[in-house]
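S.K.: Pasting a structure below so you can have a look.
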Amino acid sequence: MSSDSDEELSDEQVLELLTQAEQRMQSQAGAQSDAPFRLPKLDPGHIVSPYLRTEGSITRLDPSQVVDPKTKALAGKVKKVEDPIAVKKQQKEVRAYTRDSILLSLPMRIFYPIST
């Protein structure tokens, strides 16, 4: 095919060039699709079991997975609740006692009057 810049292409020549270009692109795409895009197989590891169990047409919540075992263990124990007013009063007494004991443990200074 002789193509000069002054010469116009006919419709048949344009279609022939387009089909050749399409064939080249398809052959290049086919060659490229095999080589560079190989994905590794993924290993998700241990998957957490769901909270819901389906038995027939009934879906139920699995009670063993709802509450953490540590929290369950703490729920069975007795918790001591203190009165905040009594705690503050006790802390105030402890501070007063330690303050007084510090003051009493200091050495006593004797001041003598200066005679003129």
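The values are calculated or read from the model by the stated rules, or taken from the named source; none is laboratory data. This one's a predicted model, so the numbers in the text were calculated from it and none came from an experiment. All Cβ positions, glycine included, derive from the backbone under ideal geometry; neighbour counts span all protein chains shown.
S.K.: Which ones in the range 76-102 are of a type in the set (Gly, Ala, Ser) and at pLDDT below 85?
M.R.: Answer for the range 76-102, where residues must be of a type in the set (Gly, Ala, Ser) and at pLDDT below 85: Gly76, Ala96, Ser101.
S.K.: Does Asp34 count as at pLDDT below 75 and surrounded by 10 or more Cβ atoms within 10 Å (Cβ to Cβ)? If you could, list the steps in order and put the result at the bottom.
M.R.: Values: at pLDDT below 75: yes; surrounded by 10 or more Cβ atoms within 10 Å (Cβ to Cβ): no.
Considered against the rule, which asks whether it is at pLDDT below 75 and surrounded by 10 or more Cβ atoms within 10 Å (Cβ to Cβ), Asp34 comes out as no.
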